[in-house]
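Only the coordinates and a few stated rules stand behind these numbers; no lab work does. Source: prediction; values computed, not measured. We place every Cβ from the backbone using ideal geometry, glycine too, and count neighbours over all the protein chains shown.
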Amino acid sequence: MKIGEIKMKYYFCEINSKKQSYLGKLVMFILVMLVSTISFGVKLGTIKGLSKLSNYNELKDVDVSDITTLKIINGIPRQPGKGFSGVAVLYLDGKIIGLSTIKNGKNHGKLYAYTDNGQLIDAGEWKNGVKDGESKNYYEDGQLMNIQIFKNDVLTFAKVYNQDGSIKSTYTQTSGNRGIMEIHTKEGNKETTMKVEVIYKEINRIVYSYYTFIRDGKFEVFDNKGRLLEEGTYKDDEVVSSTKIDKFLGFIAQDSTYKVNVEDRDYFFNTLKEFNLKGLTEEHYKEQVKLFGSKSFCSSLGMVIPQYYIFEGEPVQALIESYLLKMSKDIKKVSKKYTELNDKDFITKYFKSYCKVPSESSLSFVKDYNKDPKALREFLKNPVIK
């Protein structure tokens with residue numbers, strides 16, 4: 001299933017429906033019952049097989065004006081006549097798979113559908129033959145799968161849950177069959193939320209229908225701290241434009257497919273900000289990763305440590321040293337090794353243990369500062385902060 005596609009099923013019993021075969025244990029079929037009491041009616045508890053249903057206690061004492069069994073002729077369940085009002089029961093292989101409240105021959109009230117072992121999988125409100133009100137679907141173990149709100153057969157709101165109860169996505173209508181969907185994704189320790197414009201379409205099958213959401217319009221992706229990571233546009237569920245954004249300085253990525261360590265990148269650009277360096281794109285960050293390695297903080301250390309060497313003996317070196325010591329404290333907070341060392345020795349040990357030393361040719365830029373690339377490379381092999 002595509003990330004933007006959430007299927008939500010509802011069940012109905014109309015004249016043009018056909019019999020649905022079982023798919024494993026789950027029977028995705030039909031309807032249910034209005035909790036409407038009439039003093040001279042009959043109790044639902046008298047229905048054969050009702051005691052096998054998971055919501056039996058909710059239903060057993062409900063009074064209704066009439067009860068009928070839906071007949072299946074040539075694989076087609078037949079609705080009662082237009083004059084019937086009451087509850088219709090649908091059986092398959094002797095088991096109840098649906099209960100539907102009928103008013104003047106139309107679905108009107110709360111409808112239920114069940115698996116072949118009696119587990120409730122769908123409960124929804126209908127009015128005059130169309131969906132109107134709240135509808136819920138359930139996983140086979142009884143956990144809530146989704147909540148949907150309909151108004152005159154139009155979906156206006158939906159919330160989908162993972163089986164552990166966490167929210168998978170939400171949909172809010174903006175107009176017609178269009179709306180905004182928020183999709184929550186967690187991969188390891190990384191959590192993101194995509195806000196995207198979508199179109200929902202109703203897909204009809206033999207005995208049920210479901211809604212599929214197609215991403216179509218603007219989207220934004222945020223991390224779990226609310227920082228914008230990416231934005232762009234979808235068309236027919238395909239990305240047609242995408243730009244990664246760095247929230248610190250608004251730097252725009254040049255390569256929308258480049259995957260980065262977001263926390264490391266944030267630290268890198270925050271370092272640029274504190275040094276008041278502007279105008280650098282994410283290409284610069286990528287180059288630093290290429291030179292000094294992808295381990296956390298190596299890109300930032302690789303940017304600052306050479307400056308410490310280049311400006312040796314000049315007043316600005318003291319400022320660079322103070323920032324390196326600040327970086328040492330920052331890195332110690334997340335490092336599991338060498339934290340017993342003082343801040344200067346820690347920087348040296350961390351860089352030597354985790355970061356790459358660039359080639360001499362890649363350090364040729366120091367010639368502009370009257371420094372020798374070879375000497376800088378030797379320093380980076382053992383970057384002692386005096």
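Each of the peptides 44-56, 106-118 was scored by the mean count of other Cβ atoms within 10 Å over its residues; in descending order, highest first, they stand as 106-118, 44-56. Between Lys190 and Lys356, the modelled label-to-label distance comes to 1.9 nm, taking each label 7 Å out from Cα in the direction of the beta carbon.
Taking a Cβ cut-off of under 11 Å around Ser361, the surrounding Lys, Arg, Asp and Glu residues balance to a net charge of +1, with basic ones at +1 and acidic ones at -1. Taking packing as the residue-averaged number of other Cβ atoms within 10 angstrom, the listed peptides 174-182, 148-156, 303-311 run from highest to lowest as 303-311, 148-156, 174-182.
Within the set Lys225/Lys286; Lys48/Lys110; Lys106/Lys131; Lys286/Lys374; Lys103/Lys127, which residue pairs have Cα atoms separated by over 18 Å? Let's see the in-between values first.
Values: Lys225/Lys286 23 Å; Lys48/Lys110 20 Å; Lys106/Lys131 11 Å; Lys286/Lys374 23 Å; Lys103/Lys127 9 Å.
In this structure, Lys225/Lys286; Lys48/Lys110; Lys286/Lys374 lie more than 18 Å apart at Cα.
Using 7 Å Cα-to-Cβ label points, what is the Val240/Val384 separation (nm, one decimal)? Rounded to a tenth, the inter-label distance reads 6.2 nm.
Taking a 20 Å limit on the Cα-Cα distance, which of the listed pairs Lys52/Lys159; Lys71/Lys95; Lys168/Lys190 fall beyond it? Provide the component values of the computation, followed by the final result.
Values: Lys52/Lys159 29 Å; Lys71/Lys95 14 Å; Lys168/Lys190 15 Å.
Over 20 Å apart, Cα to Cα: Lys52/Lys159.
Between Thr172 and Ala375, the simple label model (points 7 Å from Cα in the Cβ direction) yields a spacing of 6.2 nm.
Ordering Phe379, Ser335, Gln317 by Cα displacement along the dipole of segment 262-381 toward the positive end leaves Ser335 in first place; charges were set at the Cβ atoms of Lys, Arg (+1) and Asp, Glu (-1).
A Förster radius of 30 Å, combined with the Cβ-Cβ distance separating Lys43 from Gln163, puts the computed FRET efficiency at roughly 0.30. Legend: calculated FRET efficiency, Leu144 to Asp223, from the Cβ-Cβ distance at R0 = 35 Å, rounded to 0.05, equals 0.80. FRET efficiency for the pair Lys82 and Asn270, taken as 1/(1 + (r/R0)^6) with r the Cβ-Cβ distance and R0 = 45 Å, rounds to 0.05. Leaving out same-chain residues fewer than 8 places away, which aspartates and glutamates sit with a Cα under 20 Å from that of Lys336? Result set, ordered by chain and number: Glu263, Asp264, Asp345.
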